[in-house]
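This report refers to the structure that appears directly beneath it.
Bear in mind these aren't lab numbers, they're just calculated from the coordinates by the rules spelled out. All of these numbers come straight from a predicted model, not from anything done at the bench. Please note: Cβ atoms are built from the backbone with ideal geometry, for glycine as well, and neighbour counts cover all protein chains shown.
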Amino acid sequence: MIDITRIGMMLLKTAVVHGVSAARTPHKVSLDELMKDFNTSITETTQPQERTGLRQVEGVAEVGVTTDETVKHQKREMAKEMLLLEAHLVQKCKIHGKACDCCQKHPLMLEALANETIGITGDNSYREIADWAREVAPIVTAESSASGQYDDQYPELARQLRDMRKKVMM
């Protein structure tokens, strides 16, 4: 998909090159000539770029997101998953007293985010989150919730998760 702002900038650049401006009367330039330059601009700027984390914007390389920005994003995503799972655990993974599958997706996402963050940062403190998520996954399924076997454990799991979430959000 082509960004409309980028197209507008390329048209403006092409118009300026050919002497078209609000302050002057435009030179007589054929539409074909304008479109030739415009098409060249699109071809030059939309060629596939190597996956280096760099973006090409109007011919100037722009650095992609930093590691700090990525980690901040990861931590926010983990915190959101933790908040949702924490609320579900307080409700014993049930909606109106009936078991639901709400709880089982969040540990998987938490584990994935934590492992990815370890890979980005090398910080093994996220291992606690990944390990915790893997350990609780079997007891937060709809079937486990329906059994009632873990109803007394869910509030404690919510407390543990709350403590981990507070660390992540610092």
Q.
Below 8 Å, C-alpha to C-alpha, sequence gap of six or more: please give me the relative contact order for the stretch 67-168 in percent.
A. 37
(Q) Give me a comma-separated list of calculated 3J(HN,Hα) values for the stretch 137-145, in order, Karplus coefficients 6.51, -1.76, 1.60 applied at θ = phi - 60°, integers in Hz, x for any Gly or Pro. (A) 3, x, 9, 10, 6, 4, 5, 5, 5
Q. How big is the Kirkwood radius of the stretch 94-135, worked out from every pair of different alpha carbons and given in Å to one decimal?
A. 11.1
Q. Rounded to the nearest 0.05, what FRET efficiency do residue 134 and residue 87 have when you use their Cβ-Cβ distance and R0 = 22 Å?
A. 0.60
Q) Taking neighbour Cβ counts within 10 Å as the exposure measure, how do 169, 82, 109, 164 sort from fewest upward? A) 169, 109, 164, 82
**Q.** Estimated vicinal HN-Hα couplings, Hz - the stretch 98-103 in sequence order (Karplus 6.51, -1.76, 1.60; Gly, Pro = x)
**A.** 10, 4, 10, 9, 4, 6
Q | Modelled label reach - residue 71, point 7 Å along Cα→Cβ, the stretch 114-136 residues with backbone N closer than 13 Å | A | 117-126
Q. How high is the FRET efficiency between residue 95 and residue 115 when r is their beta carbon distance and R₀ equals 30 Å, given to the nearest 0.05?
A. 0.55
(Q) As a test of the definition: which semi-axes, in Å, follow for the stretch 63-170 when you take the square root of five times each eigenvalue of its alpha carbon gyration tensor? Largest first, please. (A) 28, 12, 11
**Q.** Residue exposure sequence - 150, 126 - by fewest surrounding Cβ within 10 Å
**A.** 150, 126
Q: Add +1 for every Lys or Arg and -1 for every Asp or Glu among the other residues with Cβ under 13 Å from the Cβ of residue 121, and state the total.
A: -1
Q) What number comes out for the charge environment of residue 82, summing +1 per Lys or Arg and -1 per Asp or Glu over other residues with Cβ under 11 Å away? A) +3
(Q) What are the ³J(HN,Hα) couplings of the stretch 75-90, residue after residue, when phi is run through the Karplus curve with 6.51, -1.76, 1.60 and θ = phi - 60°? Round to Hz, x for glycine and proline. (A) 5, 5, 5, 4, 4, 5, 4, 5, 4, 5, 5, 4, 4, 5, 5, 4
